[in-house]
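The values are calculated or read from the model by the stated rules, or taken from the named source; none is laboratory data. Everything numeric in this text was worked out from a predicted model, so none of it was measured. Virtual Cβ from ideal backbone geometry, glycine too; neighbours counted across all protein chains shown.
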Amino acid sequence: MTAKYDLIIIGSGSASTTTAFRALKAGKKIAVIDQKPIGGTCALRGCDPKKVMVGVTDSLEHAKRLQGYGISDFKGELNWDELMKFKSSFTEPMSKKIEESLVKSGIDVHRGRAKFIKPDTLEVEGKPLEAEKFLISSGVKAATLNFPGSEYLIDNEEFLNLPSLPKNLVFIGGGYISVEFASIARKAGSEATIIQHSDRILVNFDKEVAEVLSKQLKDSGIRTLTSSSVKEIQKSGGKYEIRLAKDGKEHSITADLVVHGAGREFDSDMGLEVGQVKWSRKGVAVNEYLQSVSNPRVYAAGDSADTSGPKLTPIAVMEGNIAAENIINGNSVKANYTGIPTSVFSSPPLAMVGITEEGASRKGIKTTVKKGEMTSWYNSRRRMVPSSFYKIIMNEDSSKILGAHILGENSEETINIFALAIRLGIDVKTLLSIPYTYPSDTNDIRYMIG
């Protein structure tokens, strides 16, 4: 017998639960399907456990930097086993907590992989489920890499659950996953190498600011091989040999573990062709209302939607709310991706919002750019931060903020002020008029734009 619902949601992360509870309040009968533990990537195998690990390793590094400045005879060492237990104290209870919340609210939870068997029907573990509307928010997976030995790579989830940290790790790809994990590994005492195909790491960030971070990573002991292509990985005697091409020459490096940080792609294994759902590796093809362009019953949100929005948890929540509104009341709400901040939790962290200097130049926008080192500033010196930098891009005519790029402690917090300014059209004069708390990192905004 086919179970019937008003809304079936594939996935149980931030976008999924946001939509589910909004639709539930509207009186809809809902089912949530997930083959993985309930809770999604961020809470269980992404940002939350990662930030716990970043926090501990950052604290260790901070104490080491301040030796001789009030801290003496510091012999702090990272205990990986204790760190994993601390991290697990956040992640292990979460899945059960989220699932119980769904079930107690009256939402049916089905475990298994969903497969469309008709445009209006899914099958899960042999059970057919029919619905008026569907939300696809099942997330992404590590991108497929086509070279011999790619099966030896571990992904982000496996890294975050390593029972012990090897002494020598190689990270394939130069995006935020590799940079963050390499930073954790290095602060924990291991050797770390990043192999990047393009000529620099963090290609979606401002080039100049990313280069400052790249130099700091190298100074910290992280080896970065840019303009390098992995050709093959071989396993021998518990070690991995990574063969790569760089500058027209063949090279080889050895590691105890090789980590996949070379991008993510839509996890599309759900019979989308049968469901008449158009998709690409970027996600479900949707219109401005997050509705499938090929099957009007279907919506998508978060990492599963092919939109211009970045693949971030706050965007998943925002899109989950938009999808819910449009599913419940008809298409009326569109996403606003203006002023979305993002951060790389490297050491120090790098945060950005808005346009890059290169992007402004390509668009022919007349800008005023203010930039500089902050290493000698009070907030950097009191922490003995080895490198910090800022770049603020303003409209030459209106003095409104177009982009902000900050490398430094607590930049992931400070960037939110610039995000607010971009989203609401606040100009420099107004930002300068605010009496910020002092001496805070946010107060440094006055020196960045003044």
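Annotations
- Filtered by the rule that a residue be without any contact (Cβ under 8 Å) to a residue 60 or more places away in the chain and in contact with a Ser or Thr (Cβ under 8 Å, 6 or more places away or on another chain), segment 232-275 gives Lys239, Glu241, Arg243, Leu244, Ala245, Lys246, Asp247, His251.
- Against the list (1) outside any helix (DSSP H, G or I); (2) modelled with pLDDT under 95, the condition Glu123 fails is (2).
- For the condition surrounded by 13 or more Cβ atoms within 10 Å (Cβ to Cβ), outside the structural domain of Leu257 (by TED's automatic domain parsing), in a helix (DSSP H, G or I) and modelled with pLDDT of 95 or more, Asp81 does not qualify.
- Filter pass, Glu61 being among the charged types (D, E, K, R), part of a loop (DSSP other than H, G, I, E, B) and touching a helix residue (DSSP H, G or I) at 6+ places or on another chain (Cβ under 9 Å): no
- Restricting Ser380, Ser411, Ser343, Ser388 to residues that are over 16 Å from Ala210 (Cα atoms), at pLDDT 95 or above and hydroxyl-bearing (Ser, Thr, Tyr) narrows the list to Ser380.
- Residue in segment 429-447 that is nearest to Ala351 (Cα to Cα), counting only those that are of a type in the set (A, V, I, L, M, F, W, C) and buried (at least 20 other Cβ atoms within 10 Å of the Cβ): Ile445
- Answer from Thr368, Thr356 - the residue that is surrounded by 20 or more Cβ atoms within 10 Å (Cβ to Cβ), more than 30 Å from Ile136 (Cβ to Cβ), touching a residue at least 24 places away in the same chain (Cβ under 8 Å) and touching an Asp or Glu at 6+ places or on another chain (Cβ under 6 Å): Thr356
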